[in-house]
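Colleague: Let me begin by handing over the structure; questions about it come next.
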Amino acid sequence: MQDLTDDRVRYDSIFSTLPEWTSDAAAYVREIGERHGRDLVLMRATLNSDSPGGLLIRAADADYIVLARSESPLYERHVLLHELGHWLLGHLDSGTYGCCKESDEVAAERFAHLLAERLAARVRPQRACAKRGIIAAFGSRRHLQRHCA
């Protein structure tokens, strides 16, 4: 249990450095790279069916997150957050990433899950405000009011 608490504290300190999520994932990734002083580029590719959903590649000039094209935007976002986890947790710097070290994979999954929770919490209040705006614009409607708590 202590490991989970330690991870949450470590991840929260990383999350505090991240920009606000935008619908432009490539711009979000680019900004994270800029904030950390290294070019980070998001690419989408058609990968073989036996390939992972995403890859993190270090090159001399930049690091690349490669996402497999998917029919599910939610799956793509999860894979993106997972690969960002590897990058932000320093797995490329350890010299072991790429050989699927199990502890790195577990840490990246935990990171992706916690970041997704944090991003969802930021979006919920915005949706509630939008519903209140609809009520304000169109008057009091009980069927709308019950959704705005």
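Colleague: Residues with beta-carbon under 13 Å from that of ARG58, excluding ARG58: net charge, scoring Lys, Arg +1 and Asp, Glu -1?
Modeller: Working: positive: ARG38; negative: ASP39, ASP61, ASP63, GLU83, ASP93.
Once positives and negatives cancel, what remains is -4.
Colleague: Now, a different point. Where in region 6-70 are there GluC sites (Glu not before Pro) that are in a DSSP coil and have at most 12 other Cβ atoms within 10 angstrom of their Cβ? Write out the running numbers ahead of the final one.
Modeller: Details: sites: GLU20, GLU31, GLU34; in loops: GLU20.
Answer by residue number: GLU20.
Here, each number is a calculation from the coordinates, and none is a lab measurement. Keep in mind that what you see is a predicted model, and the values were worked out from it rather than measured. Neighbour counts run over all protein chains shown; Cβ positions are idealised from the backbone, glycine included.
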